[in-house]
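Enquirer: The structure is given below, and queries will be raised subsequently.
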């Protein structure tokens, strides 16, 4: 079994040798000192200009990969570590097994692939590999993967921005609900305090009325006591008798008055207390949460391009398909159009243009013009929002978006016509616009 680390270290050695040595490998074996200007991947040695020419013309070595030494020195480690020898046996690859999708050396064919029928000579497989259908399909798939990653990146970046908007909206909703609750309880408190004051005043009046009556009777009795004392000292017996009878009637009336007060519960103590509503009492126990934050997911309108990577055919005479790159068309315009886009709240992609072929995607950093059908970006430009006032045909809620340079559509500006202030605020939340007033366009 061959040591794999030795194979990797071999390439690192070649790289070091190419960067430090200036001698041509072929000339060096002939004891001639010539500087090397190129590197052969197959022979793993440097070549001078003369040997390089012979190397290219030689039938056995004309297919070797030769690059300038300075370019070889710039190759990444990942390229240098590519092994063109069998990892298990250390021999050169001789065939390719389509069943197992692996390259095989002679020993691999005898040990592991003796029953495999779909085998092809490795030289036939790699013939014209750089222009083969497989490599074209891989390049195409790589572009599609990059485009998909960019779409996902743009989509997720947009979702990050929307999460901030959602949080701010929820915070505002919480504050609004809290304010309404506070206002409601403040109103209930004011009404209850007003009722308390009214009841207290009524009870005070009742008690004050009784006190007035009692004080009046008290003064009357005090006067009769003084009169009775004087009469006993100075009046005749008849006068004393008559006054006594009068006092007796007054006392009886006073006694009846007090008895009436007692019978009518006018002498009962008045106690004012609060009976809290059961719903209010149970607020702490019954209402344990202000609300619930619900996380929902909705299907994204983003579509990913899925292209199956086709394998290169084993035979040399297989028909190779033409390259099918993405078609980026440039729309020809005779004039600079100004697209009018009506803002729809809660949407971050605005369809516009020729028959709705394009849509304007708002990302946290820029506008992206995307082909709806092909799902391919046409161009992008940074935000430069100018809010125009007083211009004929432009309302106060309009936005003029200056792109700063012509793009593939030839658009100079894109005006957002907002139906209301809410729509205007909505588009402002989609992206952090740098808004400023265009003073040169203001009319008086």
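Enquirer: Residue 272 versus (1) within 60 Å of the chain's Cα centre (by Cα); (2) free of Cβ contacts under 8 Å to residues at least 60 places away in the same chain; (3) closer than 25 Å to residue 206 by Cβ: which is the lone unmet condition?
Expert: It fails just one condition, (2).
Enquirer: Looking only at segment 215-250, how many residues end up being without any contact (Cβ under 8 Å) to a residue 12 or more places away in the chain and under 20 Å from residue 262 (Cβ atoms)?
Expert: Residues flagged as without any contact (Cβ under 8 Å) to a residue 12 or more places away in the chain and under 20 Å from residue 262 (Cβ atoms) within segment 215-250 amount to 3.
Enquirer: For segment 238-251, does any single residue satisfy the condition of being in contact with a helix residue (DSSP H, G or I) (Cβ under 8 Å, 6 or more places away or on another chain), part of a loop (DSSP other than H, G, I, E, B) and either under 22 Å from residue 209 (Cβ atoms) or not assigned by TED's automatic domain parsing to the domain that holds residue 203 (or both)?
Expert: Checked segment 238-251: no residue is in contact with a helix residue (DSSP H, G or I) (Cβ under 8 Å, 6 or more places away or on another chain), part of a loop (DSSP other than H, G, I, E, B) and either under 22 Å from residue 209 (Cβ atoms) or not assigned by TED's automatic domain parsing to the domain that holds residue 203 (or both).
Enquirer: If a residue counts only when it is in contact with a strand residue (DSSP E or B) (Cβ under 9 Å, 6 or more places away or on another chain), which helices (runs of 4 or more DSSP H) contained entirely in segment 43-136 have at least 3 such residues?
Expert: Details: elements: 49-57, 69-74, 77-80, 106-111, 122-126.
Qualifying helices (runs of 4 or more DSSP H): 49-57, 69-74, 106-111, 122-126.
Enquirer: Can I ask one more? Please work out which one of (1) more than 23 Å from residue 105 (Cα to Cα); (2) at pLDDT below 55 is the condition residue 31 fails and give its number.
Expert: Single failed check for residue 31: (2).
Enquirer: Could you identify the single residue in 189, 168, 195, 200 that is assigned to a helix (DSSP H, G or I), out of contact with any strand residue (DSSP E or B) (no Cβ under 9 Å at 6 or more places or on another chain) and more than 18 Å from residue 272 (Cα to Cα)? Show your work before the answer.
Expert: Values: 189 fails: more than 18 Å from residue 272 (Cα to Cα); 195 fails: more than 18 Å from residue 272 (Cα to Cα); 200 fails: more than 18 Å from residue 272 (Cα to Cα).
Residue meeting the stated conditions: 168.
Enquirer: Same structure, new question: Give the residue that is modelled with the lowest pLDDT, with candidates limited to residues of segment 68-89 that are closer than 18 Å to residue 24 by Cβ and surrounded by fewer than 15 Cβ atoms within 10 Å (Cβ to Cβ).
Expert: Initially, segment 68-89 is screened for residues closer than 18 Å to residue 24 by Cβ, giving 68-73.
Cutting the leftovers down to surrounded by fewer than 15 Cβ atoms within 10 Å (Cβ to Cβ) gives us 68, 70-71, 73.
Details: 68: 88, 70: 83, 71: 83, 73: 77.
The qualifying residue modelled with the lowest pLDDT is 73.
The values are calculated or read from the model by the stated rules, or taken from the named source; none is laboratory data. Note that the structure is a prediction, hence the values are computed from the model and not measured. A quick note on method: Cβ atoms are made from the backbone with ideal geometry, for glycine too, and the neighbour counts reach across all protein chains shown.
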